[in-house]
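The values are calculated or read from the model by the stated rules, or taken from the named source; none is laboratory data. Since the model is a prediction, treat every value here as computed from it, not as a measurement. Glycine also receives a Cβ, built like all others from the backbone with ideal geometry; neighbour counts cover every protein chain displayed.
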Amino acid sequence: MRIAVLHDHMSFIGGGERVVLTLASAFDADLYVTDLDPSLPPRAGMPAVRATEIARVSQKAPMRQNAQARAFRDASIPDHDVYVLSGNWAVFAAPRLRPNLWYCHTPVRVFYDLRDPVLKSLSPVRRAAARRWIERRRPEYEAAVEGVDTIVANSRNVSGRIRRFLGRTSEVVYPPVDTARYRFDRVGDFWLSVNRLSHEKRIDLQLEVFRRLPRERLVVAGGPQMGVRMERFVRSLDPPRNVEFLGEVDDSKLRDLYATCRGLIATSQDEDFGLGPVEAMASGKAVVAVDEGGYRESVVHRKTGWLRPATPERLAACVAEATPDALAAMRGACEARARQFDVRVFVDRMRELLEPVAGKARAR
């Protein structure tokens, strides 16, 4: 199969970027993105991936999203047997590049379930501008989705959103983790948080947990969203002394952190799926997660971690009660659970879905 993979951008390493790099590597596909940082594929452990930048876009929202949508709508991309679309704005290529398959991390949340909270967080002037942008861009987005042939959701949670907001059915294929690359060294002396520094990740909730636990330590790994300065974001949170922000770290450093941490803290609001808990479990580490969204599909309560209400009190109590012996006892269950999301499982299932699509194109 000659496969092209289209993804919104390749400017930082997140869950979506790991998915498309895995697809491009496994299927020897051509990867097309905006804002390519050529160091990212090697840093993610996939140096042979062929990535092409189709545009440079503004770092500021919503100009960035508008430019990405235009770039994928108009990009000159060579013929392939099948086109795999990933992310929010690559889907604008769907009406023109067919046959296609959309690996959907989530419908654009600011158009749907996060619309009201996001608007409420803005000043009156910015709120009015954002509301106008949503009203204009959402119908264009939904028209682009109509050009999608096959939708694959990254979780049952996202599949439900696709049905509720877009009126489409979807297969579920969980995102991959190369479990063989992770290791267990010890139950360490710090808790780990791995996520982009953005509103929906609820970093502020994590800080409130550790304000209540001055003898515990939290290390936060992950960079800010495009167009956001990390120093300003962190300063706005007023973190306590026992919380350290590392910024974005490379793949090797991240695996070291997983191997030596005490466990993972995961607090995203209604997380789509979330690779962090699976990566932690692949390292033999338990997860303390909010009882929401995709975490319910990865973390097995009381076997590979805990699912708790999203309150500082309940999460802090869980962290305080998670003794090193209890965490070490979960190691085997964590590693076994992670293998259910291994990269081979992902690649085999995606091949099963892509081959019929590509076969129809060759038959025409």
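Okay, here's what the table says:
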| quantity | calculated |
| --- | --- |
| Matching residues, the stretch 281-306, being under 26 Å from PRO107 (Cα atoms) and among the small types (Gly, Ala, Ser) | ALA289, GLY293, GLY294, SER298 |
| Failed item in (1) out of contact with any strand residue (DSSP E or B) (no Cβ under 9 Å at 6 or more places or on another chain); (2) buried (at least 19 other Cβ atoms within 10 Å of the Cβ); (3) not acidic (Asp, Glu), with ASN100 passing the rest | (1) |
| 1 or more residues of a type in the set (Asp, Glu) and either more than 18 Å from SER170 (Cβ to Cβ) or in the same structural domain as ASP250 (by TED's automatic domain parsing) (or both): qualifying helices (runs of 4 or more DSSP H) within the stretch 1-117 | 15-26, 63-74 |
| Residue pairs meeting the criteria (Cβ under 6 Å; at least 6 apart or on separate chains; first within 11 Å of PRO107 (Cβ to Cβ), in the stretch 151-174; second surrounded by fewer than 20 Cβ atoms within 10 Å (Cβ to Cβ) and charged (D, E, K, R)) | ILE151/ARG168; ILE162/ARG168 |
| Set LEU257, LEU307, LEU327, LEU315: member being assigned to a strand (DSSP E or B), of a type outside the set (Phe, Trp, Tyr) and either at pLDDT 95 or above or in contact with a strand residue (DSSP E or B) (Cβ under 6 Å, 6 or more places away or on another chain) (or both) | LEU307 |
| Search result, residues across the stretch 35-65 that are of a type in the set (Val, Ile, Thr) and either in contact with a Ser or Thr (Cβ under 8 Å, 6 or more places away or on another chain) or closer than 24 Å to GLU279 by Cα (or both) | VAL49, ILE54, VAL57 |
| Residues satisfying the stated conditions in the stretch 36-74, i.e. in contact with a strand residue (DSSP E or B) (Cβ under 9 Å, 6 or more places away or on another chain), closer than 21 Å to CYS104 by Cβ and among the charged types (D, E, K, R) | ARG64, ARG70 |
| Answer from ASP270, ASP238 - the residue that is surrounded by fewer than 17 Cβ atoms within 10 Å (Cβ to Cβ) and in the same structural domain as THR304 (by TED's automatic domain parsing) | ASP238 |
| Hits in the stretch 121-179 - residues which are closer than 17 Å to GLY87 by Cα, assigned to a helix (DSSP H, G or I) and among the aliphatic types (A, V, I, L, M) | ALA143, ALA144, VAL145, VAL158, ILE162, LEU166 |
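Condition check ((1) modelled with pLDDT of 95 or more; (2) part of a helix (DSSP H, G or I)) across all residues:
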| residue | (1), (2) |
| --- | --- |
| ASP189 | yes, no |
| GLU200 | no, yes |
| PHE210 | yes, yes |
| ARG215 | yes, no |
| VAL220 | yes, no |
| VAL228 | no, no |
| ARG235 | no, yes |
